[in-house]
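A.B. asks: Could you have a look at this structure, given as structure tokens, before my questions?
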Amino acid sequence: MSDFVAFCRGLGLVLDSLPPVGRWVRVPTESHPRKKNGAVKFMGTHGFAQEHSTMQDVAVWKADENTDAPPIDHAALKAATQREHDRIAQGRARAAERAQAIVAQSRQGTHAYLAAKGFPETLGLVWMREGQPVLVVPMRVGGKLVGCQLIDEAGDKKFLLGQVTRGASFVIGQGEPVYCEGYATALSDPKALQAPRLRGSVVGCCSGFNLQLLATSGVVLADNDESKTGERAALATGRPFWMSPVTGEDFNDYAGRVGLFAASQALKTALAQSRRAREAPA
């Protein structure tokens, strides 16, 4: 490993190999691996690096202590940062426009993915892509369409290139929020709410990370992943949560295994815990 790469990693930057010589390059960081909150510039005998969320000043690396590093070009660093911000903003705008077009071209219909999840007659938003039906899950932030999750017949899921995913969700119904990750779980929840005549909305977050961001009230239905990701996300919210006792199950899997009535009772209990937590004196 290059000494410069090791130097950058020590600052919390995600860098696997030497960057191009002579220009600022934006890189991910350990604290924000999905964003490029770091910047590096390698000059051969010396280099510069900064983790913007934790460092106010640029760190200087020298291959040899006797090397004289020239002054830091702050204007070039600022220009590189602005270019990255512009690139992200343009990608988000293109994704939002494409999402609008996809939703406009989509029609209500059944889908193989829904059938496999126990909803053979449920209508979803279906878009024909190269002759293949793709299930479309519109994603919104603050009510504004920012992108889509696309699910093919095999269950493979993708977001639009460049779209906003942080804080994006889809909502079904109205009432006390029930937060979950996946679309199939979100479809299971309204049926479970209807059985005991409970009122609630379902907020599909599409990831454990988003679950932590969005679940500030109500109750959480956690996925029981082998990796414990779903459980950790639910615990991080500080909200009452329910999770299947069987590893590998989400609420949709649980409802399919034990039946709608038993699943509805589990959800009813979780909602009751949420209400007690809300009404408890501070």
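All of the numbers you see were taken from the coordinates with simple rules; none came from a lab. This structure is a prediction, so every number in the text was calculated from the model and none was measured. Here the Cβ positions follow ideal geometry from the backbone for every residue, glycine too, while neighbour counts run over all protein chains shown.
A.B. asks: Once you have the Cα-Cα distance between GLN132 and SER227, take 0.36 nm times their residue separation minus that, and quote the gain in nm to one decimal. Before the final figure, lay out the partial values.
C.D. replies: Numbers: separation 95, 0.36 × 95 = 34.20 nm, distance 3.26 nm.
Roughly 30.9 nm would be gained on extension.
A.B. asks: In addition: Quickly estimate the mean residue ellipticity at 222 nm for the chain, helices only: each DSSP H run with n ≥ 4 gives -39500 (n - 2.57), and the total goes over all residues, rounded to 500.
C.D. replies: -11500 deg cm²/dmol
A.B. asks: So what is the relative contact order of the range 3-72, in percent, for Cα pairs below 8 Å that sit 6 or more residues apart? Mind dumping the intermediate values first?
C.D. replies: Values: 127 pairs, mean separation 16.7, N = 70.
Answer for the range 3-72 is 24 percent.
A.B. asks: For the range 14-76 and the range 215-234, what is the separation of their Cα centres, given in Å?
C.D. replies: 37 Å
A.B. asks: Compute the distance in nm between two label points, each set 7 Å from the Cα along the Cα-to-Cβ direction, one at ARG9 and one at GLU121.
C.D. replies: Output for this residue pair reads 5.8 nm.
A.B. asks: Count neighbours as other Cβ atoms within 10 Å of each site's Cβ, and list the trypsin sites (Lys or Arg not before Pro) in the range 31-68 that are DSSP loop with at most 10 such neighbours.
C.D. replies: Numbers: sites: ARG34, LYS35, LYS36, LYS41, LYS62; in loops: ARG34, LYS35, LYS36.
Hits after loop and neighbour filter: ARG34.
A.B. asks: What does the extension gain come out to for VAL141 and GLU97, with contour length at 0.36 nm per residue minus their alpha carbon separation?
C.D. replies: 14.4 nm
A.B. asks: I've got another one for you. Pick out which of ALA272, ALA76, ALA89 has the largest mean-square fluctuation in a Gaussian network model of the chain, springs linking Cα atoms closer than 10 Å.
C.D. replies: ALA76
A.B. asks: Here's something else I'd like to know. Using Stokes-Einstein with the Kirkwood hydrodynamic radius over Cα pairs, what translational diffusion coefficient do you get for the chain at 37 °C and a viscosity of 0.692 mPa s, in µm²/s rounded to a whole number?
C.D. replies: 152 µm²/s
A.B. asks: Arranged by the count of other C-beta atoms within 10 angstrom, fewest first, what order do HIS85, HIS52 take?
C.D. replies: The fewest-first ordering by Cβ neighbours comes to HIS85, HIS52.
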